[in-house]
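The values are calculated or read from the model by the stated rules, or taken from the named source; none is laboratory data. On a predicted model such as this, the values are computed, not experimentally measured, just so you know. Every residue, glycine as well, gets a Cβ built from its backbone with ideal geometry; the counts of neighbours run over all protein chains shown.
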Amino acid sequence: MSRWFTQLRLTLRSIFRKDRIDQELDEELQEHLQREIEEGLKTGLALEEARYAALRAMGAIAKSKEDSRDARRVNFIDDFFRDLQYATRSMRRSPGFAALAVLIMALGIGANTAVFSVVNAVLLRPLSYRDPDRIVTLSTRVIAGSADSGQSSLDEQISIPNFQDWHDQSSFFEAMAYYNGREIPATAGALAEYVRGTQVGPEFFQVFDVEPILGHFFTADEMKQGSDGSAMISYAYWQSHLGGDTHALGQVIHIYGRPFPIAGVLPPGFGFPDKTDLWVPARVSPDDQKYRTAQNWLAVGRLKSGVPLEKAQAEMSSIAGRLEQRYPESDKDRTVGVTRMQDQMVGNVRVTLYLLLGAVGAVLLIACANTATLLLGKATARTREVAVRAALGASRRRIVRQLVTESLLLAFVAGAAGLLLSYWGSAALVALAPSGLPRLTEVGIDRWVLTFTLGISLTTSLLFGLVPALYASKVDLNEALKQAGARSVIAGGMVRMRGLLVVAEIALAVVLLSGAGLLIKSFIALHNVALGYQPENVLVMRATVPVPMQAQAATGFFQDLLAKIAHLPGVVSAGATMAPPGNVESSSAIFVDRLPPEKDWLVAPTAALSVVAPGTFAALGIPVKRGRDFNDDDVPDRPPVAVVNEALVRKLLPGQNPIGKTVFCLFDNFKGMTIVGVVGDVRQRGPALEPMPECYMTYRQHGFNGNTLSVVARTVGDPNTLIATLRRLAQETSPDVPMKFTTMDATLSENVAAPRFRTLLFGIFAGLAVCLAMAGVYGVMAFAVTQRSNEIGLRMALGASTGSVLRLVLRQALICASLGLALGLAAAIAGTRLLTSMLFEVQPNDPWVYLAVGILLGLVTLVASYVPARRAATIDPLTALRQE
Amino acid sequence: MSKPTDLVQGTLDLLILKTVALEPMHGWAIAHRIHQMSSEVLQVGQSALYPALHKLEQQGWIEAEWKISETNRRAKYYSLTPAGRKALTAEAANWERLSGAISAIVRTG
C-alpha cells in the first residue's frame, strides 16, 4: 500500500517538479564526474587529463539523463500531453468533423446519463433512513396456486389481529408497526385543504429510527384507543403552514373537524409513506380489531441488527403457518411476505427502468459505431500523415496511442456536453414520469452519475477509437507514400469495416424500433379499449365534509350541492361517487340470497364496492341496461337497494333475472340489498385490466366514507370552466370543506402514465437510433462513392447508363440494410420477450410490427443512400478519369 | 535507444540492491563497490547505473536522500526500503537458481 503511495508521490513529483528533478539529476551526474576525476588525480593524472578520462569513461551523459527520465516515466506523461496538444490542434483544424462527432457522442452520453440518473435515484441509491437495509415491509400473501390467488389487489394489506400475532410471536424485529395513509382534510388556521395523513400504530417511528427535531413522539396515553390523540408534522408542513415557528408545538390542526394539538416535528426529508405531512395515532375500528379478513392496514418492521432477511422470512412463515391452522376461515392459503422496503418500493418499475437503460445503451452503441465510421473515414484521409510518422521511426504502438488520445479528447468533450444535456434530459424525464415512480424528487447528478458518465466516456472512446486507430497504424509505408492523392491502398479494408459497422447500427436500430413498435401498438390498443364509460367533458370534484364518517351532515352537504349543480347552465348531468373509474377504493366478498357463515367468506367471489349518488351513471356515461338508477327515494328508512354491473350478473346470476334478488357484501353493514338495476361494465382498475364484478350502493343508505365523495358533472363544453362555480357553491354550503378538482380525462391519462412514459421514451430512443443509423448509411455510401469515383467514371465511359450506376450503389446499401435487418429482427424476436409484461393485447412476436419495421428501415436506407448514389450517377467520366 | 538486455538489466538491479543493503550509498560509491566486490570484473557505467537507480526508486525498492558526503559535498544517497529487502531476497534466490542451472549445463559440456 505504502509502496503505491511512494510511487504515486514520485510520479507526481516527476510531473510537477520537473525542473527540480532535472536539476537534481544534473547534480548527481556532476558529482559522479567529480569523483571520477578525483580517482584519476589519485592515479597521478593531470587535472585536464583526468577530466577527459572521466568524461570518456562516463559516455554520453545526455542519453543517461534521457534514460533516467524514462525510468521515472516522465516521458510517458510528456508524450501524453504532447498527444493531447496535437489532438486539440487536429480537432481545431477540422471543426466540422469534430462538432459532428462531439454532437453524436454527446447525444448518446447525455441520454445515457439522464436515464442512469433516474435509475440511480430510484433503484440504486439506498433509502435515506438509518440502516435502510434493516427496514422491511410485511404483507399478506396469498399462496400461489391456491383457489383464490390473484383475486384482489388489496391482498398486500394486513389485518390487525394477524399483525398482533406476528408482532408478539416474532423475535427478529426491533420494531414492527401498522399504518395506513390517505388524503385527509386538514385545517391549520383558516385554510381547509387535503394533505397526506397517516395513522400509525405503536413503534412506527422506531422502525425508521428517527427522532423529532422538536417536541416528542406520541405518549402512551395519546396512542390509547379512544383518547384525543395529537399529531406529528413533517418538516415541510412545519415550514409551509407554521412558518417554522418553534411555538408551533401545542397549536391545533383540525382533521375531519376534530382538534389535534401538534406534539412534534420530524426531521427534514422524513415523509413516510408517500410524503406524509401529518401523522396521528391509529384508531382501529371494532371491526378491524375483530376480523382477520379486514385487511385494511399496511405494516413495516425493522430487523434486529445482523438478522438476515431470509431468517426473518422463515420465522414469519412459520408464524403464519400456525395462524393458518388456527384460523382457517380467515387465514387459509395466506402467509406473510417480508420484503426489503427498497425492493418493495421499486418492484414495479425495475423492469421498465432497466429496459430503458438497455435501450438507451443501444443508442450509445449506435452512436459509437457512427463515430467509428467517421474516424475511419478520417483515418483514410490521414494515411499519408501516419505513413510519414511511421517512416520517421514512430512505432505502431506510438501511433495507435496518439490516435486513441485523439478519441479520448473527443469523448471527454462529448462527455462534458452530454452531462450538460443530461441535466435537461433528466428534468424532462422527471416531468414525463408517471407519478407512481418512487423517489423521483431525488433524481439529480451525484458522484455516481458523474462516475458513470466518466466511465462511459472512457469506454466509448476506446470503442470508437481503437478500431480506426489499429487500422490506420497498419499502413503499408511503401505503398502509402507512393500514392499521390488522398486515396489509399487500405481503403478496401476500411470500406468493409465501415460496412460492418453500418450493419451493426441497422441491427441495433431494428431491435429498438421493434420494441418501440410493439409498445406503440400496445398503447394504441390501450387507448382504443372500450372503457365502459365516457371520460370526455366530465369534471371531478373531490370534497370532504370535515365531520366524523357516518354523520348525516355529510350526506346533506352533497345532496344540497348536487341539487344546485343539476340546475347550472352547461351541466348535462351530475352525480357523486366514492371511487371514480380508474381506482377501486373498496372490495369485498359478495353473496346472493343469504349471508353465509364467516368461514365461507374467503372463498366467495370478490366485487368492487362503490357508493354513488343518483345521476352518477348518467354523468359518467355508464348505460343502465336493466331496471333503474338510484333515486331520491332510496333513503335510510327505505329497504336497502343495490345496482350491479353485468360482470357480477354473469358471475353470480348467470341466465337469471337479477332484478329483485338480494345481495350481501361486507361493507359498513352486512344488510341484504335488493338489486334494482343492472349497468354496463366499467374498467374500474384502469384501461389495461378487465372489468370486475361491481356492486353499487347509494350514498344516503351507506354512511361509510360518506363524508368524502367525488362529485362528477358532465358538461357541454370544457369542464374546467365549471371549477370556479363549483368552488363557490361548495363554500356557500360549507366553508370548511377542502376540495380538489380534476377531470375524468386527466384521471384516465394518469392511469396510462406508465405505459405512455415507456412508449414515449422507447419511441424517442428508437427515433434517435434510426436517425443515427441513417447518418451512418449516408456516410458510408458517400465514402464508397468517393472511393470508387474512378471506377464509376470508367464504367460510364464504357457506356454504363445512369440507371445502372444508381443500381450499383443502391445495391451495396441494400445489402448492408438487409444484413442488418436480418440480424436485428432475429435479435428483436429474441429480445422483445422481455416486454411481454408491458404489452396490452399485443403479442411480442406480432408479425405486422416486424413487417412495418422492415419496410421502414428499407425505405430509410434507400433515402439515405439515394443522395450519394445520385452523385455517383452524375459523375463526369472525363473529370473522374483525369484525376488518376 | 538500445536498452541493456533483460539479463544484464535484471542482474544490475540485483547488484545494486545487494550493495545498498549494507548501508546508504551514493551512485559513484555503488559503482565503485560493485567493481571492488567483483574483484574488478564488473564495470558499471553511469549510463546504465543512473537509469537503473531511478527505476528502482520509482518502483519503491530503494529510496533516495540528499546528504553531505565524506568529501563534504552534497550527494544523493540511496538506501533499501522494506519492499526492496523483500525484492532482494526473491531476486537473489532467483539468481542462485538461474546461475546454478547455467553452471550445471556449462560444466557438463
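Here are some notes:
- One residue stands out in the range A:810-838 among those that are crowded, with 18+ Cβ neighbours inside 10 Å and either among the polar types (S, T, N, Q) or touching a strand residue (DSSP E or B) at 6+ places or on another chain (Cβ under 6 Å) (or both): the one that is modelled with the highest pLDDT, namely A:T832.
- Restricting the range A:260-279 to residues that are in contact with an Asp or Glu (Cβ under 9 Å, 6 or more places away or on another chain) and more than 13 Å from A:L214 (Cβ to Cβ), the residue that is modelled with the lowest pLDDT: A:G271
- Selection status of A:L819, in a helix (DSSP H, G or I), closer than 20 Å to A:P877 by Cβ and out of contact with any His (no Cβ under 7 Å at 6 or more places or on another chain): no
- The set of residues from the range A:700-724 being buried (at least 17 other Cβ atoms within 10 Å of the Cβ) and in a helix (DSSP H, G or I) comprises A:P719, A:L722.
- Condition check for A:G181: outside any loop (DSSP other than H, G, I, E, B), assigned by TED's automatic domain parsing to the domain that holds A:D288, in contact with a Leu (Cβ under 6 Å, 6 or more places away or on another chain) and under 22 Å from A:L242 (Cβ atoms): no
- Hits in the range A:3-33 - residues which are surrounded by 16 or more Cβ atoms within 10 Å (Cβ to Cβ) and within 21 Å of B:S69 (Cβ to Cβ): A:I21, A:L25, A:E28, A:L29, A:E31, A:H32, A:L33
- Considering residues of the range B:21-79 that are assigned to a helix (DSSP H, G or I), under 22 Å from A:R56 (Cα atoms) and polar (S, T, N, Q) only, the residue farthest from the other protein chains (Cβ to nearest Cβ): B:Q36
Residues are listed down the side, and each one gets a yes or a no for (1) basic (K, R); (2) buried (at least 16 other Cβ atoms within 10 Å of the Cβ); (3) modelled with pLDDT under 85:
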position: B:I16; (1), (2), (3): no, yes, no
position: B:M25; (1), (2), (3): no, yes, no
position: B:M37; (1), (2), (3): no, no, yes
position: B:A64; (1), (2), (3): no, yes, no
position: B:N72; (1), (2), (3): no, no, yes
position: B:T81; (1), (2), (3): no, yes, no
position: B:R85; (1), (2), (3): yes, no, no
position: B:L88; (1), (2), (3): no, yes, no
position: B:E96; (1), (2), (3): no, no, no
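- A:F218 being surrounded by 21 or more Cβ atoms within 10 Å (Cβ to Cβ), assigned to a helix (DSSP H, G or I) and of a type in the set (F, W, Y): no
- Pair list, Cβ under 9 Å, 6 or more apart: the range A:665-676 residue of a type in the set (S, T, N, Q), other residue in a strand (DSSP E or B): A:T674/A:V641; A:T674/A:A642; A:T674/A:T662; A:T674/A:V663
- Filtered by the rule that a residue be over 17 Å from A:H527 (Cβ atoms) and outside any loop (DSSP other than H, G, I, E, B), the range A:832-847 gives A:T832, A:R833, A:L834, A:L835, A:T836, A:S837, A:P847.
- For A:L242, the criteria (1) surrounded by fewer than 21 Cβ atoms within 10 Å (Cβ to Cβ); (2) touching a strand residue (DSSP E or B) at 6+ places or on another chain (Cβ under 6 Å) hold in every case but one, which is (2).
- Taking the range A:176-207 as the range and being of a type in the set (V, I, T) and closer than 23 Å to A:S159 by Cβ as the test, the residues that pass are A:I184, A:T198, A:V200, A:V207.
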